[in-house]
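Please treat every number below as a calculation from the coordinates, not as lab data. Predicted, not measured: the structure shown is a model, and the values here were computed from it. Using ideal geometry, Cβ is built from the backbone for each residue, glycine included, and neighbour counts are taken over all protein chains shown.
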Amino acid sequence: MSISRRQFCEWMAVGSGALANTPLQPELSGDLMAEPSSAATGSHIGNLYPFVQRQADQSPLELSFLRPEFTNLKRWQPRARAKVFEFLLYAPPRVAPQPQLIKRTDKGDYIEEYLTFQTAPDVRVPAYVLTPKRAKLPAPGVVVLHSHDGRYLWGKEKVVESEQEHPWLTEFKKYRYGGKGIAAELARQGYVTIAIDMFYWGERRMILDDDPASYRDRPISMTEKEIDDFNRRSSQNESLVARSLHTAGISWPGVVLWDDIRTLDYLASRPEVDRNRLGCVGLSVGGYRSFMLAALDERIKAAVAVGWMTSFAAQIKQHVTSTIGFSFHLPGLYRYLDLPDLAALIAPRSALVINGSQDRLFALDGVKAAFDKIGRCYAKAGARERQRCSLYDAPHEFNLAMQDEAWEWFRRWV
């Protein structure tokens, strides 16, 4: 194909819009489109799907512990963990947590502290710390990581209990968490628990200059329409926030995961906590964070990840839209490691992974492939009995039966 000097100058003068009106358009379209085809693909990305899927299927996963060249877990782990940290594109300097207590409340079975602490030189996060009243101290500690859900108005409040919580939040807990505040449930069982707001959620949500008072204050009178409107806007602006972070040279999951690591630092530093008995648990993006926190920090003795496990390649055809989010996906990591490969970074420490077979966010074949790979990672690590993958006939939730299994897992391993 050739373009005359006149055509080129016209194109450069008026932009790509003019190009669409020239006779060159059909030829350019043929060159630029990826494999035009009339064949149906059943994919959200139509005729682009075969190309994208082929790239994923050709990934060497060159740092997977299951590759034959890796025979020593202890030698492999530092190399693989360093690669994950590299892809975070964010490494804040260590700072003292400098906690500031805002409110202390006797909740009967436990003491609830509402406080803030430092995770980076320019980041102070709000948190709840729940300390059991009848446990022998120091007690084991658990980092409780809230879900995504496309609901941004509240974060840590999803996993604690409050007599004054908004009715919308109470209803939300019924269908996501079986009506339980799981951080409070664990506190009653003798664990010191901590829950923070993930970046962009709860008290760290995005507030614009001209936002109404209800967006700023989250009053008990806030209407369902106001809540839905705020959540819809927040969902639509995830890409803007992610691009802004990328422009600043960092990644969203980098901010999230370093906050979680520093949260573990703070929990382990408290005198009520046995720093040798630490765990983490979460649903949805909280499940992803739980799995990642255990992979990146060897202080975690047991991790429970609920509602976020798959093989990335299995998501591409129809399941990217609501799962491969800007807030946690690490572009490029799939060349080296799939998500279930990170199980080998947790081994020989324990991990329980729970998914629902009716969870429409994940391709079921991808979930099953991930479960199989996790089992093989632990088997090769010589720690098969320290992992379990459970598939429930359930949607995207952390129901009471799942919670029973999770708490039994903590009693066994933490």
Label-point separation in nm, Ser322 to Glu224, each point 7 Å along Cα→Cβ: 1.9
Write down the radius of gyration of the chain and its Dmax, each obtained from C-alpha positions, in Å. 23.4, 84
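Can you give the FRET efficiency for Ala248 and Asp210, using 1/(1 + (r/R0)^6), R0 = 22 Å, r = Cβ-Cβ distance, to the nearest 0.05?
With R0 = 22 Å, the Cβ-Cβ based efficiency is 0.40.
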How big is the gap, in Å, between the Cα center of the range 42-57 and the Cα center of the range 320-365? 19
Assertion target for Glu203, Glu163, ordered by fewest C-beta neighbours within 10 angstrom first, is Glu163, Glu203
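Looking at the chain, what % of its DSSP beta bridges pair antiparallel, to the nearest 5?
DSSP beta bridges in the chain are roughly 45 percent antiparallel.
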Using just the helices of the chain, give the 222 nm mean residue ellipticity in deg cm²/dmol: DSSP H runs with n ≥ 4 each add -39,500 (n - 2.57), and the total is spread over all residues, rounded to 500. -11500 deg cm²/dmol
Protection-proxy order for peptides 402-412, 151-161, 52-62, each taking the mean of Cβ atoms within 10 Å per residue, highest first: 151-161, 402-412, 52-62
Label-point gap, in nm, between Glu171 and Lys136 - each point 7 angstrom along Cα→Cβ: 4.6
Compute the long axis of helix 400-413 from its Cα atoms, compare it with the longest principal axis of the Cα atoms of the chain, and write down the angle in degrees, 0 to 90, nearest 10. 70
Burial order of peptide ranges 290-298, 269-277, 183-191 (average beta-carbon count within 10 Å, highest first): 290-298, 183-191, 269-277
Treat every Asp and Glu Cβ in the chain as -1 and every Lys and Arg Cβ as +1, leave all other atoms uncharged, and give the resulting dipole magnitude about the Cα centre to the nearest 20 debye. 1480
Show me, for the range 319-325, the HN-Hα J-couplings you get by feeding each phi into the Karplus relation (A = 6.51, B = -1.76, C = 1.60, θ = phi - 60°), rounded to Hz, glycine and proline as x. 10, 6, 3, 10, 10, 8, x
Calculate one ³J(HN,Hα) per residue across the range 123-130 by plugging θ = phi - 60° into the Karplus curve 6.51 cos²θ - 1.76 cosθ + 1.60, and present them in order as whole Hz with x for glycine and proline. 10, 10, 9, x, 8, 10, 10, 10
May I ask for the angle, rounded to the nearest 10°, between helix 364-380 and the longest principal axis of the chain, with both axes built from Cα atoms and the value confined to 0 to 90°? 60
So for the chain, averaging the separation of alpha carbon pairs under 8 Å that are six or more residues apart and normalising by length, what relative contact order in percent results? 17
Going by average Cβ neighbours within 10 Å, how do the peptides 299-308, 170-179, 247-256 rank, with the highest at the top? 299-308, 247-256, 170-179
Positive dipole terminus of the range 47-125, leading residue within Val125, Leu73, Val84 (C-beta point charges): Leu73
Which length gain, in nm to one decimal place, applies between Asn72 and Ala56 when the Cα-Cα distance is subtracted from 0.36 nm times their residue separation? 3.1 nm
Give me the extension gain from Glu86 to Arg233: residue separation times 0.36 nm, minus the current Cα-Cα distance, reported in nm with one decimal. 49.8 nm
Span from the the range 124-198 Cα centroid across to the the range 388-405 one, whole angstrom: 18
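Full-extension gain between Leu391 and Gln164, please, as 0.36 nm times their residue separation minus the C-alpha to C-alpha distance.
Values: separation 227, 0.36 × 227 = 81.72 nm, distance 3.49 nm.
Answer, rounded to one decimal: 78.2 nm.
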What are the ³J(HN,Hα) values, in whole Hz, obtained from phi via the Karplus relation 6.51 cos²θ - 1.76 cosθ + 1.60 with θ = phi - 60°, for each residue of the range 338-344 in sequence order, with x given for Gly and Pro? 7, 4, x, 4, 5, 4, 5
Once amide H atoms are placed 1.01 Å from N in the peptide plane, what residues at a sequence separation of 5 or more from Tyr110, or on another chain, have their amide H within under 5 Å of its amide H? Lys133
So if I take the centroid of the Cα atoms in the range 253-277 and the same for the range 279-294, what is the distance between those two points in Å? 13
Hey, if you put +1 on the Cβ of every Lys and Arg and -1 on every Asp and Glu Cβ in the chain, which of Leu61, Ala401, Ala135 ends up farthest toward the positive end of that dipole? Ala135
Other-chain or far-sequence residues with amide H under 5 Å of Gly307's (modelled H): Ser284, Ile354, Asn355, Gly356
Helix 238-247 versus the longest principal axis of the chain: what is the Cα-based angle in degrees, 0 to 90, to the nearest 10? 80
The long-range amide H neighbours of Lys301, using H built 1.01 Å from N in the peptide plane and a cut-off of under 5 Å, are Leu278, Gly279
